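One structure is given below, encoded as structure tokens.
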Amino acid sequence: MRYRQFPGTDIKVSEVGFGTWTLSTGWWGEKTDEEAVEMLRTAHGEYGVNFFDTADTYGNGRGERQLAQAFRGKRDDVVYSTKIGYDIYDPAAQSARRGQNELPQKFDRDYMRFALDKCLERLETDHVDVLQLHNIKMDHVRDSAIWQALREMQEEGLIRSWGAAFGPAIGWLYEAVELCERESDVGTIQMIWNILEQHPGTAMLDAASEHAPNCCFNIRVTHASGMLEGKYTEDTVFPANDHRRHRPRSWLTNGVKKVRTLDFLTTQMTLGQAALKWLLADPRVVTTLPNIYDMEQLEEFAEASDKPDLSVAQMKRVAELAERNFGVDEEAMSYKGTMDRVTT
């Protein structure tokens, strides 16, 4: 495992991290807490993974409790990243929630401090290494008091680095751009970016380079919801509790066609590993968060870090394929958030 550093800090993280939403939410199949703890310990002990990303809303704190159980007594050996912003403490909102629908968000100073204290309690620690605001919107980006509250918590030693996670769906271009412009000391951004879904992530990287010199990126949906694992066919059927089951059939059939154009990446590694190496070719990417839901995937993805870097020729060919949508004629992708420049 290779490691990278959050700029301007002493936080050193594995190039392949572990996002706990696959273990704690039930959206990728059910896992017991015992199974989750075993996977987390294996990731760290056998493969050198030390960056673990969670959120208070993952199983209403379940992801954080799983981490505490897995690494009790080893806190200094791991890096905890968690997210706050959804009001998981509102009983009425919880009872009305259906599936992956969003809960109400709260980002006032008092609530954020309360939410962080609860995270620390569940994680059994006195500080969080990385705190990100969960799926923030433009109104939050433009509220300077929110970011000042994070700086205060950093000054108190409660967090070491702060930033924002954008989602839940792909998009949010100018939310990320404005955050970099307005809060140039932002430490990190979590976004969707992968070989098949390069926009608007590439533009977010460019904005950080121009306006926020110490901003690094932790990347989620690294394999386009599993498409870049290279195991789907047109006949793939997802389980009833798998969120991909609810996507249009065209997502599967067109995705399989695109993946077939990427065989040239698999001469020295699997496609799933090559997808991670493509992301890590950008030095602004500090860690990747592939969706890991079994031991076989853990081994494959964790070992990607030590595979050879993609060649200049391979990177160029991927760029050329992306320019023509990998040879697939389909409706333009729809995005969430602010995709046109709107000034105030």
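The values are calculated or read from the model by the stated rules, or taken from the named source; none is laboratory data. Remember, it's a predicted structure, so these values are computed and weren't measured experimentally. All Cβ positions, even for glycine, are placed from backbone atoms using ideal geometry, and neighbour counts span all protein chains on display. Surface accessibility is based on the protein's heavy atoms, side chains included, excluding ligands, DNA and RNA. Shrake-Rupley method; radii C 1.70, N 1.55, O 1.52, S 1.80 Å.
Scanning the range 13-29 for residues that are within 17 Å of PHE51 (Cβ to Cβ) and open to solvent by 30 Å² or more (accessible area, probe 1.4 Å) yields a single hit, TRP21.
Of the residues making up the range 122-159, those that are part of a loop (DSSP other than H, G, I, E, B) and open to solvent by less than 20 Å² (accessible area, probe 1.4 Å) number 2.
Within the option set THR32, THR42, being farther than 23 Å from ALA240 by Cα, among the β-branched types (Val, Ile, Thr), more than 19 Å from the chain's Cα centre (by Cα) and surrounded by fewer than 20 Cβ atoms within 10 Å (Cβ to Cβ) holds for one residue only, THR42.
So, in the range 216-239, exactly how many residues are in a strand (DSSP E or B) and β-branched (Val, Ile, Thr)? So the answer is 1.
Identify all residues within the range 240-250 that are exposed (fewer than 11 other Cβ atoms within 10 Å of the Cβ) and either among the aromatic types (Phe, Trp, Tyr) or assigned to a loop (DSSP other than H, G, I, E, B) (or both); write none if there are none. Matches in the range 240-250: ALA240, PRO248. If only residues of the range 45-67 that are more than 16 Å from ASN291 (Cβ to Cβ) and either in a strand (DSSP E or B) or of a type in the set (D, E, K, R) (or both) are counted, the one that is most open to solvent (accessible area, probe 1.4 Å) is GLU46. Checking each residue of the range 222-238 against the condition of being of a type outside the set (Ser, Thr, Tyr), touching a residue at least 24 places away in the same chain (Cβ under 8 Å) and over 21 Å from GLY327 (Cα atoms) gives no match.
Of the residues examined, ASP10 is one that is open to solvent by 20 Å² or more (accessible area, probe 1.4 Å) and under 19 Å from HIS127 (Cβ atoms).
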